[in-house]
Amino acid sequence: MDFIKNFNNNAALVADQAGNEWIVLGKGVGFGQKLGQPIDEAKIERRFKAAGSDDTTLATIKSVSPLTLEATSAAIKLIEAESPIRFDNFQYLALADHIDFAIIRSEGGIDMEDRALRWEVKRLFKQEYSLAKRVVKLINGLTGASLPASEGHLRAFMVQRLSNARPYGAELDGELLALMEQKYPQAAVTVTRIDNFLQTKMGWTLNPDDRVYLILHVWRVTHRQKQ
């Protein structure tokens, strides 16, 4: 593949021998390259067909820092080595965006920790939470950020649930769903709409465990936006 242009040191636009353009990600993949030079393909960790990439894909790659891309790749390697979760390109970008925003909040001294929510997630997803703490520690070490353990990397859990990865924790108490729907009614309505959409478009059906997790996640996201 030949170099066309840099987005940053860890992201570049390249062309293959057939003339197809690709957006490639990897540590130092675009560093010091000049137009037409072959790149070191061993550095490529992710590739996106440029002609098939939407504006969101390119915007995310351009907006997050090279260090965030490096941290995202390292985090995914750890997660995939320790769990059944596997990340496609869309999920990779979603996680990179999440990590970048978390780092920005951390640098600005913005703490959005919800101790009740953290306790619920820690209790419901013990193994996932333990892995998430290791991921947060890894990201902090690579980026110099000070992300709290509460970042616990909920994105990975959503990826696991919605990608039909086999869960490796115990099933939740069925009464917990009713409690969450009562506690977070607006989030529950949103999750019902998500459920209907997934059933219509993908043929997926959310089980009670999925609904509990998504209610917590939707509430957290909307609560964050209000703040």
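Taking a point 7 Å out from the Cα of L142 in the direction of its Cβ, the residues of the range 24-43 whose backbone N falls within less than 11 Å of it are 26-27.
Give the shape of the range 2-53 as rounded, prolate or oblate, defined through the alpha-carbon gyration tensor: a ≥ b ≥ c are the square roots of its eigenvalues, a/c under 1.5 means rounded, and otherwise the shape is prolate if a/b is larger than b/c and oblate if not. Oblate, because a/c is 1.5 or more while a/b does not exceed b/c. Computed over protein heavy atoms with a 1.4 angstrom probe, the accessible surface ordering of K27, K137, largest first, is K137, K27. Ranked by the mean number of other Cβ atoms within 10 Å of their residues, highest first, the peptides 96-103, 140-147, 61-68 come out as 96-103, 61-68, 140-147.
Counting only protein chain heavy atoms and rolling a 1.4 Å probe, the accessible areas of T57, T200 rank, largest first, as T200, T57. Ranked by the mean number of other Cβ atoms within 10 Å of their residues, highest first, the peptides 5-14, 175-184 come out as 5-14, 175-184.
The values are calculated or read from the model by the stated rules, or taken from the named source; none is laboratory data. On a predicted model such as this, the values are computed, not experimentally measured, just so you know. Ideal geometry is used to build each Cβ from the backbone, glycine not excepted, and the neighbour counts take in all protein chains shown. The protein model used for the area step is the full one, side chains on, heavy atoms only, and it has no ligands, DNA or RNA in it. Shrake-Rupley method; radii C 1.70, N 1.55, O 1.52, S 1.80 Å.
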